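All remarks here apply to the structure that follows.
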Amino acid sequence: MPTHKIKKGSLEVICGPMFSGKSEELIRRLRRAEIAQQNVAVFKHAIDDRYDINNVTSHNGTKLPAHATANGAHLLEKVQHENYTVVGIDEVHFYTTDIINVICALVENGVRVIIAGLDMDYRGVPFGPMPTLLAIADSITKLKAICTQCGADAHFSQLLAANRPTIVNDEPLVLVGAKDKFTARCRGCHTIDKAFYYSHMKDTHSNG
């Protein structure tokens, strides 16, 4: 006797550097779902207060109302309580790795999950939970910005020199900012202050 398969959800990942249009693309997909009268919930990390804590906001000013959360457990509780069928999460790189299990649980329960985030931090290092989320995604859209140095395709977020980060436990503190702190760069133009990082780490280890 044939068995009926439970319909699973899906995970769509939108990634790329800053100023590549990630939030704008996320908003576009979620608005289409709303037009189709699907039950949509939008979330963002509470640390991202650059424009409006109550909205997902693109750099060009496009907005969509959102719930600001600091952890994946609160997000999951909200979705399950309201029985949403489409969930969008912006700036997902700011969440700790517990967001991976939350997203997997939503997908297993038939939810279409659409996330947007930086695939690399300003050092060019894979960012937070993003490597795993990219590996398990059903679809990936990797967007490009334009390098402000040479005009080539930009895959990196460049930290401007005036915004040298605080170092905590040998790791740079997470920075939140827009054009005041970052710009887009291609591989050839992207740089980090290696001397600063290496000298600090050497001093830290010698003092330990």
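The values are calculated or read from the model by the stated rules, or taken from the named source; none is laboratory data. Everything numeric in this text was worked out from a predicted model, so none of it was measured. Note that each Cβ is placed from the backbone with ideal geometry, even for glycine, and that neighbours are counted across all protein chains shown. The accessibility values were calculated without ligands, DNA or RNA, using every heavy atom of the protein model including side chains. Shrake-Rupley method; radii C 1.70, N 1.55, O 1.52, S 1.80 Å.
Ranking request for peptides 33-43, 118-128, 82-92: highest mean number of other beta-carbon atoms within 10 Å first, then the rest in descending order. Don't skip to the end; give the middle numbers.
Numbers: 33-43: 15.4, 118-128: 18.8, 82-92: 21.4.
The peptides rank, most packed first, as 82-92, 118-128, 33-43.
What ranking of Ile140, Ile192, Ile103 comes out by heavy-atom accessible area, probe 1.4 Å, highest first? Please report the intermediate quantities before stating the final value.
On the way: Ile140 90, Ile192 60, Ile103 0 Å².
Correct descending sequence by accessible area is Ile140, Ile192, Ile103.
Just going by the charge dipole of region 1-121, with Lys and Arg at +1 and Asp and Glu at -1 on Cβ, which of Thr69, Ile14, Gln37 is farthest out on the positive end?
Comparing the listed Cα positions along the dipole, Gln37 ranks first.
Collect residues whose amide H, placed 1.01 Å from N in the peptide plane, falls under 5 Å from the amide H of Gln149; neighbours closer than 5 in sequence don't count.
For Gln149, whose amide H was placed from the backbone, the distant partners under 5 Å are Cys186.
Which length gain, in nm to one decimal place, applies between Lys78 and Lys63 when the Cα-Cα distance is subtracted from 0.36 nm times their residue separation?
Details: separation 15, 0.36 × 15 = 5.40 nm, distance 2.09 nm.
Fully extending the segment from Lys78 to Lys63 adds 3.3 nm.
Viscosity 1.567 mPa s, temperature 4 °C: Stokes-Einstein D of region 1-115 from its Kirkwood Cα radius, in µm² per second?
Numbers: Rh = 14.5 Å.
Translational diffusion coefficient: 89 µm²/s.
What does the charge dipole of region 1-138 about its Cα centre add up to, to the nearest 20 debye, if the Cβ of each Lys and Arg holds +1 and the Cβ of each Asp and Glu holds -1? Write out the running numbers ahead of the final one.
Working: 14 positive and 16 negative charges, 86 e Å.
It works out to roughly 420 debye.
Cys147: net charge of surrounding residues, Cβ under 10 Å, Lys/Arg +1, Asp/Glu -1, itself excluded?
Working: positive: Lys144, Arg185, Arg187; negative: Asp153.
So the surrounding residues net to +2.
For region 36-67 and region 92-118, what is the centre-to-centre distance using only Cα atoms, to the nearest Å?
Centre-to-centre (Cα) distance: 16 Å.
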